[in-house]
Amino acid sequence: MKILMVLTSHDKLGDTGNRTGFWLEEFAAPYYVFKDAGAEITLASPKGGQPPLDPASDSDDAGTEATRRFKADDAAQKHLASSEVLSSVSAEGFDAIFFPGGHGPLWDLAEDKDAIALIEAFAARDRPVGAVCHAPGVFRHPKGPDGKPLVSGRTVTGFTNSEEEGVGLTDVVPFLVEDMLKSNGGQYRKGEDWASFVVIDGKLVTGQNPASSEEAARKLLSLL
């Protein structure tokens, strides 16, 4: 199994002066689900190299078994620090693609032509595509083989409007994931705020929030 994980390179939280990036749990939990299953993992980001870590996700409050494992894993840290430049990666040879969240993807990956092309290539080949929390924002522009938005008519989830309100960033983010998925024709579903909730529709796997990261990765694996 060869799995491509695509992370953000964006580190500015709008005009707040605060930092953002990827959310550590949303990378670490899936990374170890894939690794422990024997998958070969390739990491990529728009700029390559070390993707920016959202400092809020590195706090003790946000710590999980997976994040603690990652922080003690020198090999995994080196792997992350040397992510490939996204434009150099093709869909060929990969069995699935997975996008960890954090607020960063709303600014770069959602608009990145290489990310869009990869998603469309995986969808056209009927290979699993997964995204968790804010990362379903990457489905803003990709089209399915029928020319409609990829999520049109499909059951999906992602970070809820109420969860965004809960972290006080409704007016900071470039768009709200829930609203975008609905406006693209997605059949949006959600569970309780901050609880694990994952949806599968065909080969499309979406998770609602950080707590959904591990389950989303396991559901993606189940499609391989």
Exercise. Name the residues in the stretch 153-164 that are in contact with an Asp or Glu (Cβ under 8 Å, 6 or more places away or on another chain), part of a loop (DSSP other than H, G, I, E, B) and over 18 Å from residue 97 (Cβ atoms), would you?
Worked result: 159, 160
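Would you be able to say whether some residue in the stretch 44-56 is within 19 Å of the chain's Cα centre (by Cα) and of a type in the set (Lys, Arg)?
Residues of the stretch 44-56 that are within 19 Å of the chain's Cα centre (by Cα), as a first pass: 44-56.
If we keep only those that are of a type in the set (Lys, Arg) as well, we get 47.
Within the stretch 44-56 (the criterion being within 19 Å of the chain's Cα centre (by Cα) and of a type in the set (Lys, Arg)), the answer is yes, since at least one residue qualifies.
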For this session: Answer yes or no as to whether residue 91 is among the hydrophobic types (A, V, I, L, M, F, W, C) and closer than 30 Å to residue 165 by Cβ.
Result: no
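Out of the residues in the stretch 80-121 meeting the condition of being within 11 Å of the chain's Cα centre (by Cα) and part of a loop (DSSP other than H, G, I, E, B), tell me which one is nearest to residue 31 (Cα to Cα). Steps first, please.
Keep residues of the stretch 80-121 that are within 11 Å of the chain's Cα centre (by Cα), which gives 97-106, 109-110.
Filter once more, so that each one left must be part of a loop (DSSP other than H, G, I, E, B): 100-103.
Working: 100: 10, 101: 13, 102: 15, 103: 19 Å.
Top of the filtered list is 100.
Within the stretch 15-46, which residues are open to solvent by less than 30 Å² (accessible area, probe 1.4 Å) and either part of a loop (DSSP other than H, G, I, E, B) or in contact with a Cys (Cβ under 6 Å, 6 or more places away or on another chain) (or both)?
Going through the stretch 15-46, the residues open to solvent by less than 30 Å² (accessible area, probe 1.4 Å) turn out to be 20-22, 24-34, 39, 41-45.
Selection gives 20, 21, 26, 39.
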Seminar exercise, completed: Scanning the stretch 39-76 residue by residue, the ones that are within 20 Å of residue 2 (Cβ to Cβ) and of a type in the set (A, V, I, L, M, F, W, C) total 6
For this session: Go through the stretch 159-185 residue by residue and tally those that are touching a residue at least 40 places away in the same chain (Cβ under 8 Å), under 11 Å from residue 140 (Cβ atoms) and either open to solvent by 30 Å² or more (accessible area, probe 1.4 Å) or not β-branched (Val, Ile, Thr) (or both).
Result: 5
Exercise. Is it the case that the stretch 132-143 has a residue that's at negative phi, open to solvent by less than 60 Å² (accessible area, probe 1.4 Å), in contact with a His (Cβ under 9 Å, 6 or more places away or on another chain) and in a loop (DSSP other than H, G, I, E, B)?
Worked result: yes
For this session: Filter the stretch 83-128 down to residues that are among the aromatic types (Phe, Trp, Tyr) and open to solvent by less than 10 Å² (accessible area, probe 1.4 Å), then give me how many there are.
Result: 3
For this session: Quick one: residue 209 ticks every box in (1) of a type in the set (S, T, N, Q); (2) open to solvent by less than 30 Å² (accessible area, probe 1.4 Å); (3) more than 18 Å from the chain's Cα centre (by Cα) except a single one, so which number is it?
Result: (3)
For this session: Check whether at least one residue in the stretch 54-77 is at pLDDT 95 or above, under 27 Å from residue 143 (Cα atoms), open to solvent by less than 40 Å² (accessible area, probe 1.4 Å) and assigned to a loop (DSSP other than H, G, I, E, B), and report yes or no.
Result: no
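The values are calculated or read from the model by the stated rules, or taken from the named source; none is laboratory data. Just so you know, these numbers come straight off a predicted model, no measurement behind them. Counting neighbours? That spans all protein chains shown, and the Cβs are built from the backbone with ideal geometry, glycine included. Accessible surface is based on the protein model in full, side chains and every heavy atom, while ligands, DNA and RNA are left aside. Shrake-Rupley method; radii C 1.70, N 1.55, O 1.52, S 1.80 Å.
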